[in-house]
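Worksheet: the structure to be examined is printed underneath.
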Amino acid sequence: MMNKSFRDYLRSKGLKSTHQREVVVDLFLRLDTHCSVEDLYHAAQRKDKRIGYSTVYRTLKLLVEAGLAEERRFSGEVTRFELVHRGKHHDHLICIKCGRIIEFTNDRIEKLQEKVAKKHNFKISDHKYEIYGYCSRCKK
């Protein structure tokens, strides 16, 4: 079942809620991971062979426009999309060998960023914190 917020967004833009879009949105919401267009395209193809690459791409872009997904580009990799976690900011650990992405939160980091911004009379509107290295599987 397609997300109500997304259906409302489509309606507000005069766009149709198609079967293909519903499949793509449902898969994206279920994956709840940092997926590329290709990842989601292959998953959608397993559900319905009629779903094209451009449909997946355009649907992901619409999810971003609707404020339900975010585009991420980690260290020159392909663009990935992740579900917006309303009110729950998180940062990322990215493995430079296998590409694994681990989300984390840390109140001390958040407070330190606020302290640094205050010291410099700077108002933070957004930020992203990415740490690159090797995951537990690849560091061996």
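Since every read-out is calculated from the coordinates, none of them should be taken as a lab result. Model, not experiment: these values are computed from the prediction. Neighbour counts run over all protein chains shown; Cβ positions are idealised from the backbone, glycine included.
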Round to a whole angstrom and tell me the spacing of the C-alpha centers of region 45-72 and region 106-127. 33 Å
When ranked by the protection proxy of mean other Cβ atoms within 10 Å per residue, highest first, what sequence do the peptides 123-132, 62-71, 109-118 form? 62-71, 109-118, 123-132
With unit charges on the beta carbon (Lys/Arg positive, Asp/Glu negative), name the residue among His120, Gly99, Gly133 whose Cα is farthest towards the positive pole of the charge dipole of region 91-133. His120
Within straight cross-link reach of Lys115, meaning Cα distance under 18 Å, which lysines are found once same-chain residues fewer than 8 apart are removed? Lys123, Lys128
Give the shape of region 22-94 as rounded, prolate or oblate, defined through the alpha-carbon gyration tensor: a ≥ b ≥ c are the square roots of its eigenvalues, a/c under 1.5 means rounded, and otherwise the shape is prolate if a/b is larger than b/c and oblate if not. prolate
Cα to Cα, under 16 Å, and not fewer than 8 places away if on the same chain: which lysines meet these conditions relative to Lys16? Lys4, Lys61
Rounded if a/c is under 1.5, else prolate if a/b beats b/c, else oblate: with a ≥ b ≥ c from the C-alpha gyration tensor eigenvalues square-rooted, which is the chain? oblate
